[in-house]
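Okay, so here's the structure we're looking at.
The values are calculated or read from the model by the stated rules, or taken from the named source; none is laboratory data. Bear in mind the structure is a predicted one, so any value in this text is a computation, not a measurement. Counting neighbours? That spans all protein chains shown, and the Cβs are built from the backbone with ideal geometry, glycine included.
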Amino acid sequence: MDGGVKPTKAEEVRDLLIEPHLAPLLFELCRETKGKGRVIARHPHPSELASCLREDLRKAGCTRADLFANDRMRINIRYHDLRGTAATWMAMRGDSDTDIMERVGHQHFQTTLGYIRKGRQLARAFGDVFPPLPSCLLSALPAAASPANRSAKRSASPQIPGMIATPMGIEPMLPT
């Protein structure tokens, strides 16, 4: 271990699927850096991830008390909680159990099952899962990169190839 970075439990690097409605924003953010910087400018030390996440949520206008509570019944949101949130939302959307398990990197189905149960329960009273981003975020996109015109566009189903985040950056998924 070097620099405080620890390996995943499975000790393997995972490529992450980029949700189709998020890809245009990431392309725009990459374009704005003109190849001179990273899309995510701040890379805190792992011990500071949770506090930086909470700070960023506050800056973004998130005010839900449960995210920031730290009392007998609740704990502050942690960076790791984002993975569980993603698993829950994928279950709400109706993704297959195995897809959820593989995307979040669980080795045992029992670990994933709690998120699936919660997601399916929440889905009954929830609207769109991973809806399109507001157009104001994408207004500077060139027409060719807009969601309607991109050849790499994929449906909301994560099984259809689209974009992935790898240790090397954001890349198109290659057909298998």
Of those in the stretch 81-98 that are without any contact (Cβ under 8 Å) to a residue 40 or more places away in the chain, in a helix (DSSP H, G or I) and over 12 Å from the mean Cα position of the chain (by Cα), the residue farthest from Thr111 (Cα to Cα) is Met92
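So that you can scan it fast, the table gives a plain yes or no per residue for (1) out of contact with any Asp or Glu (no Cβ under 9 Å at 6 or more places or on another chain); (2) at pLDDT below 90; (3) not hydrophobic (A, V, I, L, M, F, W, C):
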site: Val39; (1), (2), (3): no, yes, no
site: Arg54; (1), (2), (3): yes, no, yes
site: Leu57; (1), (2), (3): yes, no, no
site: Asn70; (1), (2), (3): yes, no, yes
site: Arg74; (1), (2), (3): no, no, yes
site: Asp81; (1), (2), (3): yes, no, yes
Take the conditions within 23 Å of Arg83 (Cα to Cα), touching a helix residue (DSSP H, G or I) at 6+ places or on another chain (Cβ under 8 Å), at pLDDT 70 or above and assigned to a strand (DSSP E or B) and apply them to Leu17. Does it pass? yes
Looking at Arg74, Arg78, Arg58, Arg117, which is the one that is over 17 Å from the mean Cα position of the chain (by Cα) and part of a loop (DSSP other than H, G, I, E, B)? Arg74
Can we say Met101 is under 13 Å from the mean Cα position of the chain (by Cα), surrounded by 13 or more Cβ atoms within 10 Å (Cβ to Cβ) and modelled with pLDDT of 90 or more? no
Which condition from (1) farther than 30 Å from Val13 by Cα; (2) surrounded by 12 or more Cβ atoms within 10 Å (Cβ to Cβ); (3) under 19 Å from the mean Cα position of the chain (by Cα) is the one that Phe68 breaks? (3)
Ile116: surrounded by 18 or more Cβ atoms within 10 Å (Cβ to Cβ), modelled with pLDDT of 90 or more and touching a Ser or Thr at 6+ places or on another chain (Cβ under 7 Å), yes or no? no
